[in-house]
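**Student:** Handing you a structure now.
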Amino acid sequence: MHSHEDIKITKVASSKIQGMDFSHLPFGKYFTDHMFVAEYSDGKWHSPEIVPYGPICFEPSMATIHYGQSIFEGIKGYRLKDGSPAVFRPFDNHKRFNRSAMRMEMPEVPEEIFIGGMKALLALEENWIPTAYDHSLYIRPFMFATDQVIGVSPSQTYKFMIILSPVGPYYAAPMRIYVEEQFVRAAPGGVGYAKTAGNYAASLHPAAVAKSRGYDQVLWTDAVEHKYVQECGTMNVFFVLGGKLITPGLENGTILEGVTRDSVITVAGDMGLEVEQREISIDELADAYANGMLTEAFGAGTAATIAKIAELRYKDYVMNFDPENQPVADQLKKTLTSIRDGEAPDNRGWMMSVK
Ligand code: COI
């Protein structure tokens with residue numbers, strides 16, 4: 001067992017923070033002074049350490065490069081109204097991380113490493129938490145295989161790390177999205193629910209095609225019929241249909257079980273909205289739009305927060321949503337923001353304090 005005190009800390013000689021422009025923070029470009037590292041070998045996690053942020057070195061045979069045994073999480077740290085640093089729902093991300101680990105035949109990471117490492121790192125880097133609206137300290141825990149062997153088999157050794165990046169909003173403007181009918185993100189039995197590097201690699205070409213057509217992202221559909229919507233790749237998707245909030249269900253393991261998704265569902269329930277998690281066909285959405293019943297569309301994710309969809313295209317059928325008139329998305333965002341900022345009561349113990 002490791003406690004805070006067991007983590008060896010090597011500090012930088014001088015901080016980079018003076019040179020940071022906190023008013024201009026593109027997503028995930030700048031990193032704080034330090035990083036957390038722990039090693040797995042002989043069936044055990046050991047050597048938890050905080051060191052200056054910097055390069056890591058491997059032989060070309062390193063397993064992750066070839067076969068992609070690599071998983072990650074996205075979490076955000078905020079500064080509460082009383083000035084104290086806190087993290088939004090990290091225990092839920094920890095659980096999901098270990099579900100991803102199991103699917104990728106990687107070892108579980110215990111709480112004292114995942115949460116303990118995060119707390120120790122944040123205690124050191126709390127001055128890096130931006131305070132402007134929609135800004136936060138993005139926490140990126142990740143684990144990857146480190147065996148230097150090119151046989152296809154589960155690695156015997158792994159590295160777990162946490163890096164931190166002060167960020168602004170991922171999508172600055174309302175999004176244009178089209179319904180993907182050629183490429184597939186995930187099929188039942190696959191790895192759709194795992195937050196593994198390859199899912200993101202596989203999304204890059206379809207996203208590049210979308211960009212070349214003037215769209216920000218695709219909305220994935222099911223692998224068999226291209227009929228049921230899944231998620232947007234960087235975020236889960238929600239619609240307001242006939243006054244109800246609807247979102248694809250988790251039952252066939254093809255979409256990511258988003259922590260922000262769960263938070264939106266919970267907060268919407270508190271607001272008295274009816275919420276349905278179920279199969280949603282693109283035909284149902286198009287019909288509801290034609291009848292004036294589909295009034296809002298938005299994405300939800302840690303990086304994206306609540307990101308409004310301004311245009312959703314299905315073949316030649318274009319559905320437009322006025323970003324100025326999405327009251328449910330606005331209310332959800334306001335409520336979640338006020339919990340994260342410590343303005344609203346944290347009834348469910350979502351905020352983990354760092355100290
Ligand atoms: C997140 O929302 O944290 C994500 O991981 C999505 C994306 C940045 C990969």
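The values are calculated or read from the model by the stated rules, or taken from the named source; none is laboratory data. It should be emphasised that the depicted structure is a prediction, and the values quoted were computed from it without experimental measurement. Positions of Cβ are generated from backbone atoms using ideal geometry, with glycine treated the same way; all protein chains shown enter the neighbour counts.
**Student:** Find the residue count for the stretch 199-231, including only residues that are of a type in the set (Ser, Thr, Tyr), surrounded by 19 or more Cβ atoms within 10 Å (Cβ to Cβ) and in a helix (DSSP H, G or I).
**Tutor:** Selection size over the stretch 199-231: 1.
**Student:** Determine, yes or no, whether His2 is modelled with pLDDT under 95 and either surrounded by 10 or more Cβ atoms within 10 Å (Cβ to Cβ) or touching a Ser or Thr at 6+ places or on another chain (Cβ under 6 Å) (or both).
**Tutor:** yes
**Student:** Oh, and also: Name the single residue, out of those in the stretch 27-47 being within 16 Å of the ligand (Cβ to nearest atom) and over 16 Å from Phe142 (Cα atoms), that is surrounded by the fewest Cβ atoms within 10 Å (Cβ to Cβ).
**Tutor:** It comes out as Lys29.
**Student:** While we're on this one: For the stretch 78-99, give me each residue that is within 20 Å of the chain's Cα centre (by Cα) and basic (Lys, Arg).
**Tutor:** Correct list: Arg79, Arg89, Lys95, Arg96, Arg99.
**Student:** Given the criterion buried (at least 23 other Cβ atoms within 10 Å of the Cβ) and either in contact (Cβ under 8 Å) with a residue 40 or more places away in the chain or within 14 Å of the chain's Cα centre (by Cα) (or both), identify the matching residue among Phe160, Phe142.
**Tutor:** That would be Phe160, the only listed residue that is buried (at least 23 other Cβ atoms within 10 Å of the Cβ) and either in contact (Cβ under 8 Å) with a residue 40 or more places away in the chain or within 14 Å of the chain's Cα centre (by Cα) (or both).
**Student:** Scan the stretch 286-305 and tell me whether some residue there is touching a helix residue (DSSP H, G or I) at 6+ places or on another chain (Cβ under 8 Å) and either on the phi > 0 side of the Ramachandran plot or in the same structural domain as Phe88 (by TED's automatic domain parsing) (or both).
**Tutor:** Yes, the stretch 286-305 has at least one match.
**Student:** Out of all the residues in the stretch 59-90, which are within 16 Å of the ligand (Cβ to nearest atom) and not in a strand (DSSP E or B)?
**Tutor:** Gly68, Glu73, Gly74, Arg89, Pro90, listed by residue number.
**Student:** Quickly run through the stretch 243-290 and pick out the residues that are of a type in the set (Ser, Thr, Tyr) and either within 16 Å of the ligand (Cβ to nearest atom) or assigned to a helix (DSSP H, G or I) (or both).
**Tutor:** Thr247, Thr260, Ser263, Thr266, Tyr289
**Student:** Considering every residue within the stretch 125-141, establish whether at least one is over 18 Å from Thr305 (Cα atoms) and either of a type in the set (D, E, K, R) or modelled with pLDDT under 95 (or both).
**Tutor:** Scanning the stretch 125-141, I find at least one residue that is over 18 Å from Thr305 (Cα atoms) and either of a type in the set (D, E, K, R) or modelled with pLDDT under 95 (or both), so the answer is yes.
**Student:** What are the pairs with Cβ atoms under 7 angstrom where one residue, in the stretch 217-238, is at negative phi and among the basic types (Lys, Arg) and the other, located anywhere, is assigned to a strand (DSSP E or B) and more than 11 Å from the ligand (Cβ to nearest atom)? Sequence gap at least six, or different chains.
**Tutor:** Lys227/Thr221; Lys227/Ser281
**Student:** Among the residues of the stretch 292-302, are any of a type in the set (Asp, Glu), modelled with pLDDT of 95 or more and surrounded by 16 or more Cβ atoms within 10 Å (Cβ to Cβ)?
**Tutor:** yes
**Student:** Only residues that are more than 18 Å from Glu296 (Cβ to Cβ) and at pLDDT below 95: list them for the stretch 170-180, please.
**Tutor:** Of everything in the stretch 170-180, those that are more than 18 Å from Glu296 (Cβ to Cβ) and at pLDDT below 95 turn out to be Tyr170, Ala172.
**Student:** Any idea which of (1) touching a Phe, Trp or Tyr at 6+ places or on another chain (Cβ under 6 Å); (2) in a strand (DSSP E or B) is the one Ala329 doesn't satisfy?
**Tutor:** Against the list (1) touching a Phe, Trp or Tyr at 6+ places or on another chain (Cβ under 6 Å); (2) in a strand (DSSP E or B), Ala329 comes up short only on (2).
**Student:** Please go through the stretch 291-314 and pick out each residue that is more than 28 Å from Asp134 (Cα to Cα) and either within 16 Å of the ligand (Cβ to nearest atom) or touching a Phe, Trp or Tyr at 6+ places or on another chain (Cβ under 9 Å) (or both).
**Tutor:** Answer for the stretch 291-314, where residues must be more than 28 Å from Asp134 (Cα to Cα) and either within 16 Å of the ligand (Cβ to nearest atom) or touching a Phe, Trp or Tyr at 6+ places or on another chain (Cβ under 9 Å) (or both): just Tyr314.
**Student:** Just a yes or no: is a residue in the stretch 135-155 closer than 28 Å to Thr335 by Cβ and either in a loop (DSSP other than H, G, I, E, B) or not assigned by TED's automatic domain parsing to the domain that holds Gly54 (or both)?
**Tutor:** yes
**Student:** How many of the residues making up the stretch 156-198 are more than 30 Å from Gln326 (Cβ to Cβ) and not in a strand (DSSP E or B)?
**Tutor:** Adding up the residues that qualify gives 10.
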